[in-house]
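Each value in this text was obtained by applying a stated rule to the coordinates, not by laboratory testing. None of the values given here were measured: they were computed from a predicted structure. Here the Cβ positions follow ideal geometry from the backbone for every residue, glycine too, while neighbour counts run over all protein chains shown.
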Amino acid sequence: MMPAEATLRLEVLPASRLSRLNGQDSVLGGACFSHSARPLDGAELPLLAVDMSLPAGEEAICEVWHCGEPLESGRHGPIRYRQGETLLFGCLSLDEAAPEGARAPLQVATEAAYQAIFELLESRGYQTVLRFWNYFPAINRESHGMERYRQFNIGRQDAFLAHGRSVIDKVPAACALGSAGGGLQIAFLAARANVVGVENPRQLSAYHYPSQYGPRSPTFARAGLVRLGGRDMLFISGTASIVGHQTLHHGDVAAQTRECLHNIAAIVAEANRKAPGADFRLDGLAYKVYVRHSEDLATVRREMTQFIGAPVSAVFLQADVCRAELLVEVEASGGHAIGSGQADIPTADTPCLSTPA
Ligand code: 3EB
């Protein structure tokens with residue numbers, strides 16, 4: 001066996017082939033998407049089962065991060081995690097607590113979840129989070145006099161503040177999407193390395209959004225850049241059709257998709273400026289695409305193919321996006337290995353833009 005060359009590898013595989021991971025020492029953790037969420041065995045591994053629909057006829061899908069280091073699994077409160085010498089992947093599912101005074105249950109659950117995550121990271125000596133993935137149902141629904149995404153933003157920011165973490169400038173990349181059911185679910189990838197925040201010159205930093213989007217600004221960076229195993233890696237947050245702080249192209253999913261990709265191109269250019277040797281390219285990234293209305297999937301796929309101009313690795317999911325007017329959100333990562341990492345497993349299973357819709 002060849003030693004694992006890259007520190008980090010992203011594998012996308014159908015949930016039906018998840019058992020293939022059994023006994024693979026390299027599995028760090030990941031997330032599986034199906035509707036309804038399918039319970040996962042392999043309880044040893046931090047795999048999050050997220051309730052999210054896929055394009056019609058497509059099989060439930062898993063995103064699994066692998067790492068070449070010797071790994072060990074652990075638990076901390078609600079968190080299941082797996083860690084090596086330089087990387088840690090963790091995930092948790094929390095039910096929203098019963099109403100507690102004036103604070104919305106989602107806000108309470110979010111603050112508790114992030115507090116638990118920061119406790120774990122502090123105790124294990126992981127100061128940097130490369131990426132958070134946040135999923136919870138009914139993200140645009142109003143309760144307790146406020147949209148649930150805004151409740152989430154309060155709970156998240158309070159936990160950052162309680163742990164003495166900055167809520168501007170030095171914040172992790174993230175996404176926040178509406179799932180089809182279940183509790184609050186968070187996955188995260190952390191490192192013992194320095195992460196450089198990347199912002200998008202076309203957009204106001206989300207941590208500076210004005211109060212019209214909620215009493216607390218969202219705590220995330222447009223992207224995080226990190227050097228692992230001698231390679232530059234880029235984690236691009238969920239990216240939407242926002243310029244400045246405004247939503248553009250109301251009701252036009254094709255134009256929103258193009259605007260997302262212009263934003264991602266700007267983030268990639270900014271990352272290449274900060275890491276001159278890296279040469280990140282749009283056609284070399286692994287994408288995850290969240291589409292609000294499943295009937296828009298074919299349009300989004302077509303716009304991405306046209307914009308990028310090459311077949312790329314992309315997972316498509318149906319999810320609600322954090323502003324009611326947003327129809328699509330695209331996240332991406334690059335610089336790490338992509339694929340099964342085994343010559344005998346054809347990569348044709350990996351969903352790809354070139355797959356017929
Ligand atoms: C935006 O740019 C779209 O709250 O963690 C994108 C990425 C969005 C992350 C988050 C929200 C988050 O504001 C929404």
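Simple point charges give the picture: +1 on the Cβ of Lys and Arg, -1 on the Cβ of Asp and Glu, and for the chain a dipole about the Cα centre of about 620 debye. Extension gain, Lys170-Ser36: 0.36 nm per intervening residue step, less the Cα-Cα distance, totals 44.6 nm. Subtracting the Cα-Cα distance of Asp279 and Glu142 from 0.36 nm times their residue separation leaves 45.0 nm of extension gain.
Counting Lys and Arg as +1 and Asp and Glu as -1 over every other residue whose Cβ lies under 12 Å from the Cβ of His35, the net charge comes to -2. Each other residue within a Cβ distance under 10 Å of Lys288 adds +1 if Lys or Arg and -1 if Asp or Glu, for a net charge of -3.
The separation of region 189-207 from region 13-30, counted between C-alpha centres, amounts to 29 Å. Loop-located GluC sites (Glu not before Pro) in region 78-154 (DSSP state not H, G, I, E or B) with no more than 15 neighbouring Cβ atoms inside 10 Å: Glu85.
Take the Cβ atoms of Glu119 and Val196, set R0 to 25 Å, and the FRET efficiency comes out at 0.50. For the chain, the convex hull spanned by the alpha carbon atoms encloses 127 Å³ per residue. Rounded to the nearest 500, the helix-only mean residue ellipticity at 222 nm of the chain stands at -6500 deg cm²/dmol, with each DSSP H run of n ≥ 4 adding -39,500 (n - 2.57).
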